[in-house]
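Participant: Once you've had a glance at the structure underneath, I'll fire off some questions.
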Amino acid sequence: MSDYVIVESFRLDHTKVRAPYVRLAGVKLTPRGDRIEKYDLRFIQPNQGAMPTGAIHTLEHLLAGYMRAHLEGIVDISPMGCRTGFYMVALGEIGPERVREAFEQTLQDVVNHGADIPGVSELECGNWRDHDLATARELAREVLERGVIVQETVEIA
């Protein structure tokens with residue numbers, strides 16, 4: 001275990017954060033000086049619930065396109081294994097407030113999404129049958145109703 005590096009999310013006090021929120025989870029500088037920001041986009045209060053996999057999968061597909069329409073520099077958006085939110089990685093100095101605004105706009109896009117889910121075919125997706133648009137839309141609506149805040153990092157004491 002001596003070679004194991006404790007990652008940022010394992011130092012976060014999950015009992016003191018209040019979802020839904022956007023949180024700057026980390027900043028890295030590349031050897032060339034490029035800034036990489038990692039954000040925690042939290043839907044569900046940690047240890048109080050979890051999103052079903054079909055809804056997470058659909059949100060992953062919808063967030064991938066809609067967030068990029070509202071915010072430049074996104075490298076990746078990936079679901080958390082705990083199923084309470086997503087991580088978003090972006091190039092540049094974006095800032096939590098801009099991410100919060102883009103996240104809210106994206107959630108509204110998800111609520112209004114009535115078309116087919118993008119990228120859902122055997123050719124485009126590795127588990128194309130596991131989607132749930134209705135629940136994804138409901139989760140987005142619930143987050144918007146509760147209001148997204150910018151959450152500061154609260155480390156375990």
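Participant: Name every residue in region 56-85 that is of a type in the set (A, V, I, L, M, F, W, C) and under 13 Å from the mean Cα position of the chain (by Cα), in order of residue number.
Facilitator: Keep residues of region 56-85 that are of a type in the set (A, V, I, L, M, F, W, C), which gives 56, 59, 62-64, 67, 69, 71, 74-75, 77, 80, 82.
Scanning region 56-85 gives I56, L59, L62, L63, A64, M67, I74, V75, I77, M80, C82.
Participant: Sticking with this structure for a sec: For residues that are touching a residue at least 40 places away in the same chain (Cβ under 8 Å) and part of a helix (DSSP H, G or I), scanning just region 92-105, find the one that is farthest from the chain's Cα centre (by Cα).
Facilitator: Filtering region 92-105 for residues that are touching a residue at least 40 places away in the same chain (Cβ under 8 Å) and part of a helix (DSSP H, G or I), the one farthest from the chain's Cα centre (by Cα) comes out as E97.
Participant: Also, I was wondering about something else. If I go through region 23-42 residue by residue, how many of them are open to solvent by 60 Å² or more (accessible area, probe 1.4 Å), among the basic types (K, R), part of a strand (DSSP E or B) and farther than 18 Å from I6 by Cα?
Facilitator: Within region 23-42, residues that are open to solvent by 60 Å² or more (accessible area, probe 1.4 Å), among the basic types (K, R), part of a strand (DSSP E or B) and farther than 18 Å from I6 by Cα number 1.
Participant: Going residue by residue through region 52-68, is there one that turns out to be open to solvent by 70 Å² or more (accessible area, probe 1.4 Å), in a helix (DSSP H, G or I) and not hydrophobic (A, V, I, L, M, F, W, C)? Can you show your working first?
Facilitator: Step one: of region 52-68, the residues open to solvent by 70 Å² or more (accessible area, probe 1.4 Å) are 53, 68.
Subset that is in a helix (DSSP H, G or I): 53, 68.
If we keep only those that are not hydrophobic (A, V, I, L, M, F, W, C) too, we end up with 53, 68.
Yes, region 52-68 has at least one match.
Participant: Shifting gears a bit: Right, I149: within 30 Å of V27 (Cα to Cα), open to solvent by 40 Å² or more (accessible area, probe 1.4 Å) and β-branched (V, I, T) or not?
Facilitator: On the way: within 30 Å of V27 (Cα to Cα): yes; open to solvent by 40 Å² or more (accessible area, probe 1.4 Å): yes; β-branched (V, I, T): yes.
It is true that I149 is within 30 Å of V27 (Cα to Cα), open to solvent by 40 Å² or more (accessible area, probe 1.4 Å) and β-branched (V, I, T).
Participant: A further question on this structure: Please identify the pairs in which a residue from region 31-49 that is more than 26 Å from E101 (Cβ to Cβ) has its Cβ atom under 9 Å from the Cβ atom of a residue that is assigned to a loop (DSSP other than H, G, I, E, B), counting only partners at least 6 apart or on another chain.
Facilitator: N47/H14; N47/T15; N47/C82; N47/T84
Participant: Here's a follow-up. Quickly run through region 112-139 and pick out the residues that are of a type in the set (A, V, I, L, M) and crowded, with 16+ Cβ neighbours inside 10 Å. Don't jump to the end; show me each part of the working.
Facilitator: As a first pass, look at region 112-139 and keep what is of a type in the set (A, V, I, L, M): 115, 117, 120, 123, 133-134, 136, 139.
Scanning region 112-139 gives I117, V120, L133, A136, L139.
Participant: Could you check region 69-80 and list, in sequence order, the residues that are outside any loop (DSSP other than H, G, I, E, B) and open to solvent by 30 Å² or more (accessible area, probe 1.4 Å)? It would help to see each step written out before you state the result.
Facilitator: Going residue by residue through region 69-80, those that are outside any loop (DSSP other than H, G, I, E, B) are 69-70, 74-79.
Passing the criteria: A69, H70, V75, D76, S78, P79.
Participant: Scan region 138-157 and report the pairs whose first residue is closer than 14 Å to R42 by Cβ and of a type in the set (V, I, T) and whose second residue is open to solvent by 70 Å² or more (accessible area, probe 1.4 Å) and part of a loop (DSSP other than H, G, I, E, B), with Cβ atoms within less than 8 Å and a gap of 6+ or a chain change.
Facilitator: Here the result reads I149/R18; V154/K16, each pair linking region 138-157 to a residue that is open to solvent by 70 Å² or more (accessible area, probe 1.4 Å) and part of a loop (DSSP other than H, G, I, E, B).
Participant: Kindly indicate whether any position in region 9-22 is modelled with pLDDT of 95 or more, of a type in the set (K, R) and not in a loop (DSSP other than H, G, I, E, B).
Facilitator: Among the residues of region 9-22, not one is modelled with pLDDT of 95 or more, of a type in the set (K, R) and not in a loop (DSSP other than H, G, I, E, B), which makes the answer no.
Participant: Within region 81-91, which residues are under 20 Å from T153 (Cβ atoms), surrounded by fewer than 15 Cβ atoms within 10 Å (Cβ to Cβ) and touching a residue at least 12 places away in the same chain (Cβ under 8 Å)?
Facilitator: Passing the criteria: only C82.
The values are calculated or read from the model by the stated rules, or taken from the named source; none is laboratory data. Everything quoted here is computed from the prediction, not taken from an experiment. Every residue, glycine among them, receives a Cβ derived from its backbone with ideal geometry; neighbour counts consider all protein chains shown. Ligands, DNA and RNA are stripped out before the accessible areas are found, and what is left, the full protein with its side chains, is counted by its heavy atoms. Shrake-Rupley method; radii C 1.70, N 1.55, O 1.52, S 1.80 Å.
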